[in-house]
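Undergrad: For reference, the structure I am asking about is given below.
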Amino acid sequence: MKTLIASPLLRTVNDYPTDYWNDSCAVEELRYAIENGATGATSNPTIAGEVMKKEWATWQPRVLENRGEHPTWSEFEIAWRLYEEMAVRGAEQLFPVFVREGGRKGRLSIQTDPMLHRDSARMLEQGRRFHSLAPNIR
């Protein structure tokens, strides 16, 4: 088993009544954060764009697969599908925390499309879809 050196983040969550969330769903960043006490993560379209840049080798094939599977989809629709996939991967990493904490922690927060701000029904529909992706996505 790997012995971890207590980082300032890990000491903070161990020594004080503090929860911290990672502001990314990038696999390596989130793994490091969880190892150092993170109990949740956030994601939004801007974060997903940064993750795509950092993990291009992972996401480029998914872009091409989605284009092939859905030839009429716009780049916008493909990007939102990849955003969902990134969120699911992040939620999977957080799931052990979710189980350990009885569902009180270990969540990944995913932002709905801000362009839907005038259409509450579509925003709600998208939020419900996101929630259906994993039990710990909110």
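Undergrad: Using the Cα gyration tensor of segment 39-133, with a ≥ b ≥ c the square roots of its eigenvalues, what is the shape: rounded (a/c below 1.5), prolate (a/b larger than b/c) or oblate (neither)?
TA: Note, shape of segment 39-133 comes out oblate.
Undergrad: Sticking with this one: At 7 Å along the Cα-to-beta-carbon direction for both residue 95 and residue 6, put a label point, then send me their distance in nm to one decimal.
TA: Output for this residue pair reads 3.2 nm.
Undergrad: Describe numerically, in nm with one decimal, the distance between label points set 7 Å from Cα along Cα→Cβ at residue 65 and at residue 113.
TA: It works out to 2.3 nm between the two label points.
Undergrad: Based on other C-beta atoms within 10 Å, arrange 105, 53 from fewest to most. Present the calculation step by step, with values, prior to reporting the outcome.
TA: Numbers: 105 16, 53 10.
Fewest-to-most Cβ neighbours within 10 Å comes out as 53, 105.
Undergrad: Give me, ordered by chain and number, the residues 5 or more places off residue 24 or on other chains with an amide H under 5 Å from its own placed amide H.
TA: So residue 24 has HN proximity to 42.
Undergrad: Hey, can you grab everything whose amide H is under 5 Å from the amide H of residue 107? Only 5+ residues off in sequence or another chain; H modelled, so Pro and N-termini drop out.
TA: Result for residue 107 returns 41.
Undergrad: Measure nothing but the geometry: give the 0 to 90° angle between the long axis through the Cα atoms of 120-133 and the longest principal axis through the Cα atoms of the chain, rounded to 10°.
TA: Long axis of 120-133 versus the principal axis of the chain: about 60 degrees.
Taken together, the values in this text are just the output of simple stated rules run on the coordinates, not laboratory data. If you're wondering where the values come from, they're calculated on a predicted model, not measured in any experiment. A quick note on method: Cβ atoms are made from the backbone with ideal geometry, for glycine too, and the neighbour counts reach across all protein chains shown.
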